[in-house]
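In what follows, a single structure is set out as structure tokens and then discussed.
The values are calculated or read from the model by the stated rules, or taken from the named source; none is laboratory data. These numbers were taken from a predicted model, which means no experiment stands behind them. No Cβ is skipped: glycine too gets one built from the backbone with ideal geometry, and neighbour counts run over all protein chains shown. For the accessible areas, the whole protein counts, side chains as well, though only heavy atoms, and no ligand, DNA or RNA atoms are used. Shrake-Rupley method; radii C 1.70, N 1.55, O 1.52, S 1.80 Å.
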Amino acid sequence: MQLAIKLIFAQVGIDQIIDNGTATSQSIAEGWDKQWLDLLQNNTSNNLYGALTNLGIFFAVGTLLFFMIQFLRDLLSYEYTRPISALIWPFIVVLLLSNSAKGSMLSSLTLGVRNFLNTVNQQVLVTADANKIYQQALNMSVAEEVAGSFLRPCQSLTGEQQSQCFVKASEKVNILWQKYRNIYGNKSWIIRLQTKVDNIRYGTGSVSEASFNSLLGSTVQTSIKNFLVSLQYAFQNLIEASMLLIAALGPIAVGGSLLPVAGKPIFAWLTGFLSIGIAKISFNIIAVLTAAVIVNGPGQNANVDPDLMWFIIFLGILAPILSLLVAAAGGFAVFSAINNTASLVKERI
């Protein structure tokens, strides 16, 4: 869910603004997909993941000594019951870390879990954002800034020069309104903004000085919105980078799982991986639901002139924090469930 809005403040053609944003978004998504395949599937014998797998094997061999000591102690104390159930761990470690040119079983499982999380995330977006609600709310929030960037140079002019400036600026802005209509239809918020621009251009209707100044905005306000929009995209890319980092450290977690401790490193690793996935899904759910409030509320009323700065602040700062809190709580629940299940299975075997 990315649309390079930072380009929207540049003095380029409107078609370039929207089309380049979509192309950039698709290019970034394809770049992450390719990076996952290159790291976890393509030639893993010689790449970074292969080196980390070898390190995981080294850890496994080192921790095997501690495992055998604990195994012998349990063998003498519990008369075969617990030692036999513990023997499953060396087999699991060997199975997961067995590497080949096409990757190990661990890399295939990691890639499979990532694809599953992405599928769930995509289903959430398709279901909740069927009418491009998120993109529409974001464009509602920055549309005034775009129109203001074209009208702002006319503010310092007077007389005929100002009139000519308004004519040229309105021609550019009308291209934007038409582009929005082609994507979203003839929405009330588009009509409201177009009416406001036309009133300024022709000097008709009642446009208060506050509304006029709000439409023209300022370079500081534009820079703040630009920064906050970029901040949320940085968070989304940070999520992808975090998932990839945790995936790359999987062999080390598996290799350390032979240590005779209650909480296996592989459980902590799996919990961290799932938690990042929960954060990604949570952020998109929060963003889409909040966008729906804007689109279905003030977006449907041409007489309402809302200040949507709060939406940009919410997406750039508050939504990432909230999604991380939800992920932390979900991760704790997942870790507890995995540990309890492992203990139950160990007692039954």
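Among the residues of the stretch 24-41, those that are at pLDDT 80 or above and either of a type in the set (Asp, Glu) or surrounded by 14 or more Cβ atoms within 10 Å (Cβ to Cβ) (or both) comprise 32, 33, 36, 38, 39, 40, 41. Note on the stretch 129-173: residues that are assigned to a helix (DSSP H, G or I) and under 28 Å from residue 292 (Cβ atoms) amount to 18.
If we keep just the residues of the stretch 293-310 that are assigned to a helix (DSSP H, G or I) and open to solvent by 20 Å² or more (accessible area, probe 1.4 Å), which is farthest from residue 331 (Cα to Cα)? Taking the candidates together, the pick is 300. Of everything in the stretch 126-166 that's farther than 23 Å from residue 195 by Cβ and of a type in the set (Asp, Glu), which residue is least open to solvent (accessible area, probe 1.4 Å)? The qualifying residue least open to solvent (accessible area, probe 1.4 Å) is 129.
Against the definition (in contact with a Phe, Trp or Tyr (Cβ under 6 Å, 6 or more places away or on another chain) and either crowded, with 19+ Cβ neighbours inside 10 Å or at pLDDT 80 or above (or both)), how does residue 122 come out, yes or no? No. When residue 169 is tested against (1) farther than 20 Å from residue 305 by Cα; (2) open to solvent by 50 Å² or more (accessible area, probe 1.4 Å), only condition (2) is not met.
Among the residues making up the stretch 250-292, those that are of a type outside the set (Val, Ile, Thr) and not in a helix (DSSP H, G or I) are 259, 260, 262, 263, 264. Sort out which residues of the stretch 298-336 are of a type in the set (Ser, Thr, Tyr) and modelled with pLDDT of 80 or more, and write them in order of number. Listed by number, the list holds a single entry, 323. For the stretch 283-297, the condition of being over 20 Å from residue 125 (Cβ atoms) and either at pLDDT below 85 or of a type in the set (A, V, I, L, M) (or both) holds for at least one residue.
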